[in-house]
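To keep things clear, I will list the structure first and then write my remarks on it.
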Amino acid sequence: MNATENPAQRSCDTGALNALLRGELSAVETYDQAMRRLDDHTVLIDLRQIREEHAASVAVLRQAVVRFGGEPTESSGPWGTFASAVTGAAGVLGPATVLSALRQGEEHGINSYEDALTNPDVDHGCKDVIRAELLPRVRQHVDELNRLMGGMK
């Protein structure tokens, strides 16, 4: 995803990148939904940070799709609707359930990024960014959510 490289000399599965983009768009939507259901200021600060990191990943992936000649998706698709519904329903059951639903979404994201790393049609530069930036970020989100859940009574 290096801007100085010539994308005409390389190819990339923009469908796979768009799938990752849909996941990140879903994460942004889901965190927005979850934050409306919680009132613990400390937890909200941490969730807002995670949400912003997902928004940054959206920008990285959109740029990569465009760089390889694709049209970036604008919608999270059915996964986003499902994730928001799960988070919304979890809100009725309490903050720990909301955090657990968020963690499950992050774990799904880890699996999606790991799948992209094994896809031979995903550009090596994109894989480098996934390995160095996007995947570690999602793994850190799981750790942060686990920490937050540990503080719930």
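The values are calculated or read from the model by the stated rules, or taken from the named source; none is laboratory data. Note that the coordinates shown come from a computational prediction; the quantities given were computed from them, not determined experimentally. Every residue, glycine as well, gets a Cβ built from its backbone with ideal geometry; the counts of neighbours run over all protein chains shown.
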task = Give just the number: which of (1) surrounded by 21 or more Cβ atoms within 10 Å (Cβ to Cβ); (2) at pLDDT below 95; (3) within 22 Å of E133 (Cα to Cα) does E29 not satisfy?
result = (1)
query = Considering the range 49-79 alone, what residues qualify as being under 18 Å from D32 (Cβ atoms) and acidic (D, E)?
reply = E52, E53, E74
query = Do we have any residue at all in the range 136-152 that's closer than 19 Å to T14 by Cβ and modelled with pLDDT of 95 or more?
reply = no
